[in-house]
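Asker: One structure follows; several queries about it will come next.
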Amino acid sequence: MVPERGVPTKAGRPPVWPRRQLIDGIRFRARTGVPWRDVPVEYGPWGRAYDLFRRWQRNGTWGRLLTRLQPLADAKGAIAWDLRGRVVS
């Protein structure tokens with residue numbers, strides 16, 4: 001079958017682990033502080049989660065996320081700032 005005209009197709013193999021699951025693994029690791037190898041398998045292989053984390057770290061994705069989400073959280077009052085300008089909670 002030929003794809004319809006104008007419908008973009010992705011080249012390569014489809015992902016085995018959903019990106020959301022890997023991001024949840026990264027969040028688990030950040031929240032608990034466990035070594036990468038101890039991230040539960042329910043979040044996908046630890047190596048895949050680590051690879052996504054490092055790729056996003058190198059290309060600046062985490063910085064862009066922080067830049068976009070921090071003002072939204074601050075506007076909702078979800079961030080408490082102390083007098084020295086450090087994040088308290």
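The values are calculated or read from the model by the stated rules, or taken from the named source; none is laboratory data. All of these numbers come straight from a predicted model, not from anything done at the bench. All Cβ positions, even for glycine, are placed from backbone atoms using ideal geometry, and neighbour counts span all protein chains on display.
Asker: Looking at (1) aliphatic (A, V, I, L, M); (2) in a loop (DSSP other than H, G, I, E, B); (3) closer than 16 Å to Pro15 by Cβ, which is the only condition Val34 fails?
Answerer: The one condition Val34 does not meet is (3).
Asker: Under the condition of being under 11 Å from the mean Cα position of the chain (by Cα) and under 15 Å from Arg20 (Cβ atoms), which residue from the stretch 40-52 is surrounded by the most Cβ atoms within 10 Å (Cβ to Cβ)?
Answerer: Once the filter is applied, the top-ranked residue is Ala49.
Asker: Does the stretch 74-82 include one or more residues that are modelled with pLDDT of 95 or more, in a helix (DSSP H, G or I) and surrounded by 10 or more Cβ atoms within 10 Å (Cβ to Cβ)?
Answerer: Scanning the stretch 74-82, I find no residue that is modelled with pLDDT of 95 or more, in a helix (DSSP H, G or I) and surrounded by 10 or more Cβ atoms within 10 Å (Cβ to Cβ), so the answer is no.
Asker: Right, here's the next one. Being of a type in the set (Lys, Arg) and surrounded by 10 or more Cβ atoms within 10 Å (Cβ to Cβ) narrows it down to one residue among Arg31, Arg37, Arg55, Arg13; which is it?
Answerer: Residue meeting the stated conditions: Arg55.
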